[in-house]
Amino acid sequence: MDCKKPIACTVEQERSRLRQLIMRERDSLSPEEREQRSKQIAERLLTDPLVKRHQTFFIYCSYRSEVATNDLIKGFLQAEKIVAVPLCLPEQAGMQAVTITDATRDLCCGYRSIPEPIPSIARKQTLTPSQIDVAIIPGVVFDRSGHRLGYGGGYYDRFLGGLAPQAVRIGLAFSCQLVHLLPALPHDIPMDVVITEEELLRWPRLEKVLNSSVQ
């Protein structure tokens, strides 16, 4: 008898249950609450020493009820950082990092209505993943051990694990998205930092990444 199959199904069922539950909680926040909490999260990150220390940032473009990243993108650009955002490649189940200089002018409605670089920018401003210092990514659920549960497509896990393993990984979430323990799978890429409107969590891998970046 194959004992692994029912165990795997149980884990996937729990992950699916958590994903649906937390999505409902996140969606239930009012636009005003999301805006205020997103500003608190942005301020917490922009004033963190990590930002001063690094130059090249890969950051998601928020949509629907995600933690808004507009203020963060503007803050990085004003600080003269190199800012890249994802361009989804659904036919490859992957993504590219594309640099932008103006969040209003350089973005348009893209895959699944997620803001993405306009075609003329995407064709000529692709960033090599190995150049990324810090990756700021979305998620549905995070836990206090650094695990992340996304939307199920695996885009960020493949990109960070295979193409940009050197990047410091920062997850942004509202406090309602943070649970004590998330059932993780081997392919899940753990976070180095998770920031909510209430706290900033760090894990041991962060120091190893930072130390290797200065050697």
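Within region 48-98, the set of residues being in contact (Cβ under 8 Å) with a residue 12 or more places away in the chain, open to solvent by 30 Å² or more (accessible area, probe 1.4 Å) and polar (S, T, N, Q) comprises Gln55, Asn70, Gln96. Of all the listed residues (Glu12, Glu32, Glu25, Glu43), the sole one being at pLDDT below 95, in a helix (DSSP H, G or I), among the acidic types (Asp, Glu) and open to solvent by 60 Å² or more (accessible area, probe 1.4 Å) is Glu12.
Report yes if Ser175 is surrounded by fewer than 22 Cβ atoms within 10 Å (Cβ to Cβ) and under 21 Å from Ile41 (Cβ atoms), otherwise no. Yes, satisfied.
Taking the numbered list (1) touching a helix residue (DSSP H, G or I) at 6+ places or on another chain (Cβ under 8 Å); (2) open to solvent by 40 Å² or more (accessible area, probe 1.4 Å); (3) under 18 Å from Leu21 (Cβ atoms) in turn, Asp133 passes all entries but (3). Within region 119-137, can one find any residue that is in contact with an Asp or Glu (Cβ under 7 Å, 6 or more places away or on another chain) and in contact (Cβ under 8 Å) with a residue 24 or more places away in the chain? Looking through region 119-137, none of the residues is in contact with an Asp or Glu (Cβ under 7 Å, 6 or more places away or on another chain) and in contact (Cβ under 8 Å) with a residue 24 or more places away in the chain.
If you go through region 154-178 and keep only what is closer than 17 Å to Val193 by Cβ and either part of a loop (DSSP other than H, G, I, E, B) or among the β-branched types (Val, Ile, Thr) (or both), you end up with Ala164, Pro165, Gln166, Ala167, Val168, Ile170, Ala173, Phe174. Restricting attention to region 116-153, the residues that are under 23 Å from Leu201 (Cα atoms), in a loop (DSSP other than H, G, I, E, B) and not acidic (Asp, Glu) total 10.
Among the residues in region 159-170, are any in contact with a Ser or Thr (Cβ under 9 Å, 6 or more places away or on another chain), crowded, with 22+ Cβ neighbours inside 10 Å and within 27 Å of Pro31 (Cα to Cα)? No; the residues of region 159-170 include none that is in contact with a Ser or Thr (Cβ under 9 Å, 6 or more places away or on another chain), crowded, with 22+ Cβ neighbours inside 10 Å and within 27 Å of Pro31 (Cα to Cα).
The values are calculated or read from the model by the stated rules, or taken from the named source; none is laboratory data. This one's a predicted model, so the numbers in the text were calculated from it and none came from an experiment. No Cβ is skipped: glycine too gets one built from the backbone with ideal geometry, and neighbour counts run over all protein chains shown. Heavy atoms of the whole protein, side chains included, go into the accessibility calculation; ligands, DNA and RNA do not. Shrake-Rupley method; radii C 1.70, N 1.55, O 1.52, S 1.80 Å.
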